[in-house]
1. What spacing in nm lies between the two simple spin-label points modelled at VAL102 and GLN3, each 7 Å away from Cα in the Cβ direction?
2. So how much accessible area does LYS87 have, in Å² to the nearest 10, using a 1.4 Å probe?
3. Counting only the heavy atoms of the protein chains, how much of TRP117 is accessible to a 1.4 Å probe, in Å² to the nearest 10?
4. Modelling each spin label as a point 7 Å along the Cα-to-Cβ direction, I'd like the ALA40/SER126 distance in nm, to one decimal.
5. State the extension gain, in nm to one decimal, for the chain segment bounded by ALA23 and THR109, taking 0.36 nm per residue of separation less the distance between their alpha-carbons.
6. Say we join alpha carbon atoms closer than 10 Å with springs in a Gaussian network model of the chain; which of GLY16, GLY26, GLY42 then has the biggest fluctuation?
7. Send over a whole-number figure in Å² for the accessible area per residue of the chain, probe 1.4 Å.
Amino acid sequence: QVQLVESGGGLVQAGGSLRLSCAASGRTFSTLAMGWFRQAPGKEREFVAAISRSGGSTYYTDSVKGRFTISRDNAKNTVYLQMNSLKPADTAVYYCAASVPVSTNAYYTTGSQYAYWGQGTQVTVSS
């Protein structure tokens, strides 16, 4: 029903920036709350950022506040994660996620609240 494809990952030095993109299929993108998660080596998957269906509400995990920005362009069926001032601790596979269609401007912060997931894109930050 909804397919998500991430892109934009890569290898950067500490202090650098990357912008991740997540392209979604389907006609219902503007009704989906979207999120980004990451999984570092040896760690559990963790929530990174979320955005409501219209983009009017966003939320970030404490470790990325002030450095990462989530945004979306509903006309392009795309959600973005701008990552600045990257640290080695940000090294992980980053996953894009989408909720089922929603009728509110809510955002979600746990994996169980999302129905669709991308394949992931590797972000490696060297020191």
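1. In this crude label model, VAL102 to GLN3 measures out at 2.5 nm.
2. My reading of the accessible area for LYS87 is about 100 Å².
3. My reading of the accessible area for TRP117 is about 80 Å².
4. The two pseudo-label positions are separated by 1.9 nm.
5. Separation in residues times 0.36 nm, less the Cα-Cα distance, equals 29.0 nm.
6. GLY42
7. Roughly 49 Å² per residue, with all protein chains present.
The values are calculated or read from the model by the stated rules, or taken from the named source; none is laboratory data. It should be emphasised that the depicted structure is a prediction, and the values quoted were computed from it without experimental measurement. Cβ: placed from backbone, ideal geometry, glycine included. Neighbour counts: every protein chain shown. In case anyone asks, the SASA skips ligands and DNA or RNA and just uses the protein heavy atoms, side chains included. Shrake-Rupley method; radii C 1.70, N 1.55, O 1.52, S 1.80 Å.
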